[in-house]
Amino acid sequence: MKFFKKWTYILGFTLGTFSLGLEVPKGCELDRECVRELPGIFCADGTPSYYTIIPRKNSENLLVFMFGGGACWDAVTCSVGMAVNLTRTLPTQDWNSGEGIFNHSDPENPFRDFTVVTIPYCTGDVFVGNSKIDYGKPFSTWELNHKGYENALHTLQAASEIFPDAKKVVLMGTSAGAIGAYTHMRNFDALFPNSQKYVISDAGTPFQTPFVSEETYAKVLRNWNAYKGFPVDDNNRPAENFGAVLEFNRQHFPHIKFGLIHSYSDYVMTGFSVGLGATDYSTAVHDTIIYAADKQIGANTSYQKVFFTESWAHTLTQYSLKSTESMGVRLADWLSGMLNDGKWDNVRPDLEKEIIPWMPFNRPPGAPSPKPFAFY
């Protein structure tokens, strides 16, 4: 019996060395996005949602990507476009010849050969909602399903069942999806027990008081029933805000590398700070991410780092990774260091000098105007 076990181990190790990577699921083709239906996941208007898979040849690694698209929490915000999609829409992202992380042929893209699972966003709740609510007038009866938490959880479960042997698994999101990514870290950890795990949040502002209105913030989380999905402490009390979620993750998941990518004056998140009742919208994002980096992520945490830029940009990873720099560090190199155990440090210009928050009518000479209000 010992002899059999020994050779079983050796054979398994040998086969693993010459692994052909993750299996291409039935009905999918290499480098082509395939849509997969999944019972029990819905958009805000009740239409069924889905997830997609983009298989890569001989890939051992998996990227689970959570899309963004704004947020809404009452009849007004849900009707004026603050949440881009509240219904099912077909996938539009080009995962082969896009920019940044979406460019399959760019050698600077550390995810170029990762098999990808995408989680569409159509619930308006940054993937933390677990409610069905009637927002009523002026729409008489207007029920919305803020079910983003369940959508993300069910998709993560499906991905873990299809790709249980992934060597490295990255849970990444932009904008609304970036907040969802770190909120789902505990689910991610439980569902991929044997993989090396990484969580990347691109423009996932950890909104919290006193930088936004306590009353408005509480209303948002209450309407989404977000507390049901927040991690709880030893006394079964849920985290109070997104910053507290970051702190919980730092305390409980030292085996997961986490990276927060953000600009100090993100113009989209600045707009949301207005909606959340910020006392000073021009400094709300700037002050929030610095506080989070100092107090909740931790300035010297070896497994959690930040990459901050002096700009008003909203999301950075969908642009050229080699052209995006801060303090002389290219984002491509920072991400590669994170994933491959290379050089990976905090990139924080605010530790060396005062960062003046961006103002809409006080741009530096020659600086381009912001793009039309958009969400990624």
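The values are calculated or read from the model by the stated rules, or taken from the named source; none is laboratory data. In this text, all values refer to a predicted model and were calculated from it rather than measured experimentally. Note that we place each Cβ from the backbone using ideal geometry, even for glycine, and neighbour counts take in every protein chain shown.
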(message) Every residue in the stretch 160-181 that is part of a helix (DSSP H, G or I) and crowded, with 24+ Cβ neighbours inside 10 Å, please.
(response) Ala176, Gly177, Ala178, Ile179, Gly180, Ala181
(message) Looking at the stretch 51-70 only, could you name the residues that are in a strand (DSSP E or B), more than 12 Å from Tyr121 (Cβ to Cβ) and out of contact with any Cys (no Cβ under 9 Å at 6 or more places or on another chain)?
(response) Leu62, Leu63, Val64
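With respect to Val35, determine if the residue is within 18 Å of the chain's Cα centre (by Cα) and β-branched (Val, Ile, Thr).
Working: within 18 Å of the chain's Cα centre (by Cα): no; β-branched (Val, Ile, Thr): yes.
So Val35 fails the test.
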(request) Could you please tell me which pairs satisfy a Cβ distance under 8 Å, a separation of 6+ or placement on different chains, a first residue in the stretch 123-147 that is in a loop (DSSP other than H, G, I, E, B) and buried (at least 17 other Cβ atoms within 10 Å of the Cβ), and a second residue that is modelled with pLDDT under 95 and of a type in the set (Phe, Trp, Tyr)? (result) Val128/Phe230; Tyr135/Trp142
(request) Would you check which residues across the stretch 288-302 are buried (at least 17 other Cβ atoms within 10 Å of the Cβ) and either over 21 Å from Leu339 (Cβ atoms) or touching a Pro at 6+ places or on another chain (Cβ under 6 Å) (or both) and list them? (result) Thr288, Ile289, Ile290, Ala292, Gln296
